[in-house]
Each structure stands twice: as structure tokens, then as C-alpha cells.
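Here is the structure we will look at.
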Amino acid sequence: MPSTITAEHVRELLRSPDRDPRLVLLEGRARVVSAEEAGTDRWRGAVEVVSRDDLRGRLGPGEPSEGELESLAARLEAVVAELGA
């Protein structure tokens, strides 16, 4: 079964130009959206996985390596699986 959350999603969240981006799941698909957008009808029912600020708080200084991005994606995927989202 393919991962719902990939290293690319994590990279997109970290590099988003939005002021307060969030990684959310809706209908089994991960997306990066702004906090403002996440509160709209379009994203009603979406599950927030992590905000960029929360993710940055878990990282060390500097840009994460590809391996770190993969590891973060796997950990987020595990959390989502535990929630049943």
C-alpha cells in the first residue's frame, strides 16, 4: 500500500510560502494548505496532521536531509495510521 504522506509532502510543508501552512488529509490524500484555507468549506472534514511550526520544532537547525524527510514522512504516516484517518 503506497504511503499517504511522502517526503515530498514534508518538503512542501517546510518550503511553503504561506505564513502558517498545515499538512492535512482529506479523503485519504495529503495536501499542504494555509491555516486560513484549512478553515474553509472546501477542506471541511480534513484532518490536520501537523503545522510547519510544529514540524520545525521537532527538527534541528538547517535543512533536513532527504533521509530525514523520509523518516519524518514515515513517522507522520504512522501517526495517521494510528488515528485511523
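Within the stretch 12-25, residues that are free of Cβ contacts under 8 Å to residues at least 24 places away in the same chain have Cβ atoms under 7 Å from residues that are open to solvent by 20 Å² or more (accessible area, probe 1.4 Å) in these pairs: Glu12/Val32, counting only partners at least 6 apart in sequence or on another chain. Annotation: Leu13 fulfils all but one of (1) in contact with a Leu (Cβ under 7 Å, 6 or more places away or on another chain); (2) surrounded by fewer than 15 Cβ atoms within 10 Å (Cβ to Cβ); the unmet one is (2). Select from the stretch 37-50 the residues that are in contact (Cβ under 8 Å) with a residue 12 or more places away in the chain and loosely packed, with under 15 Cβ neighbours inside 10 Å and write down the one among them that is nearest to Glu77 (Cα to Cα). Here the residue is Val47.
The values are calculated or read from the model by the stated rules, or taken from the named source; none is laboratory data. Bear in mind that the values here come from a model prediction, so they are computed numbers and not experimental data. Here the Cβ is made from the backbone with ideal geometry for all residues, glycine too, and neighbour counts use every protein chain on show. Side chains are part of the model used for accessible areas, which takes the heavy atoms of the whole protein and leaves out ligands, DNA and RNA. Shrake-Rupley method; radii C 1.70, N 1.55, O 1.52, S 1.80 Å.
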